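Undergrad: Got a structure for you, questions after.
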Amino acid sequence: MKKARPTSKADETPEFLAFWTCWQPHMHKNDGRGSARDEFFRHVEVLRADPQDIVDGASWFIRGGGQAEYKLHAQTWLNRRAYEDGAEKEREFRARQEERTANVVQMPTPRLPDNHFSRQWQEKQQKG
C-alpha cells in the first residue's frame, strides 16, 4: 500500500483537528497524534477519502460507545475504513436532531394575575 508523505503538526487541517478533538478524549493510552495524523492524510491524499466522512464517522463511532471495552488506536480504526459506514449514520442522526428542534414552537410567557402570590411577594420586598 502506498504511503502518504510524512506529516507534521503544521500540516494539520481543520478536518483533522475536528477528528482529533472528537477522538482524543476516548483514545487508547498508547495512541498517538502523529500516527493518527499520518494515517488520516494517507486516507485523504492516497485513498481519496473525504475528510468530512472521517470526521463524521468518528463522531458516530464515539457516540455509539465504540470505545467502551476495547479501545482502538486511531490508525487501526482508519485502516478498517470504519468511517465509511459511520459517516452516513452520523449525518442521518444530525438531520433527525435538527428536524426535532425545527418544529418546536415557542410558547409565550403567561401573564400572572395581579393578585398572584409572587407579585405580592415582590411588592413586599420593594417596600421593605
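Undergrad: Over the chain, what is the mean sequence separation of C-alpha contacts under 8 Å (at least six apart), divided by residue count, expressed as relative contact order in percent?
TA: Working: 105 pairs, mean separation 33.5, N = 128.
Reported as a whole number, the value is 26 percent.
Undergrad: What ranking do 45-57, 110-122 get when scored by the average of other Cβ atoms within 10 Å per residue, highest first?
TA: On the way: 45-57: 18.2, 110-122: 8.8.
Order by mean packing, descending: 45-57, 110-122.
Undergrad: Would you mind getting me the FRET efficiency between K29 and Q52? Use the beta-carbon distance for r and R0 = 30 Å, nearest 0.05. Provide the component values of the computation, followed by the final result.
TA: Details: r = 28 Å, r/R0 = 0.94.
Using R0 = 30 Å, I get an efficiency of 0.60.
Undergrad: How far, in degrees from 0 to 90, does helix 83-102 lean away from the longest principal axis of the Cα atoms of the chain, to the nearest 10?
TA: So the inclination is approximately 10 degrees.
Undergrad: Then there's this: Can you give the charge dipole size of the chain about its Cα centre, rounded to the nearest 20 debye, using +1 on the beta carbon of Lys and Arg and -1 on the beta carbon of Asp and Glu? Don't skip to the answer; put the middle values down first.
TA: Values: 22 positive and 20 negative charges, 81 e Å.
Approximately 400 debye in magnitude.
Undergrad: Here is a follow-up. I need the chymotrypsin sites (Phe, Trp or Tyr not before Pro) found in region 1-101, filtered to DSSP loop residues with at most 15 other beta carbons within 10 Å of theirs. Numbers along the way, then the final one.
TA: Numbers: sites: F16, F19, W20, W23, F40, F41, W60, F61, Y70, W77, Y83, F93; in loops: Y70.
Loop-located and lightly packed - Y70.
Undergrad: In addition: Counting helices only, and only those DSSP H runs with n ≥ 4, report the 222 nm mean residue ellipticity of the chain as the sum of -39,500 (n - 2.57) divided by its residues, in deg cm²/dmol to the nearest 500.
TA: Helix-only estimate at 222 nm: -16500 deg cm²/dmol.
Undergrad: Given 0.36 nm per residue, what is the gain on full extension from R63 to K124 after removing their alpha carbon distance, in nm?
TA: 16.9 nm
Undergrad: GNM on the chain, C-alpha springs below 10 Å: top fluctuator among K29, K89, K71?
TA: Looking only at K29, K89, K71, the biggest GNM fluctuation is shown by K29.
Undergrad: Now for a separate question. Through the Karplus equation 6.51 cos²θ - 1.76 cosθ + 1.60, θ set to phi - 60°, convert the phi angles of region 103-115 into ³J(HN,Hα) values in whole Hz; use x for Gly and Pro.
TA: With coefficients 6.51, -1.76 and 1.60, one gets 9, 7, 9, 6, 8, x, 6, x, 7, 7, x, 4, 8 Hz.
Undergrad: Which one of S8, L78, M27 is farthest out on the positive end of the charge dipole of the chain, using unit charges on Cβ (Lys, Arg +1; Asp, Glu -1) and the Cα centre as origin?
TA: M27
Quick note: the coordinates plus some simple rules give every number you see, no bench work behind them. The structure displayed is predicted, hence computed values, not measured ones. Note that we place each Cβ from the backbone using ideal geometry, even for glycine, and neighbour counts take in every protein chain shown.
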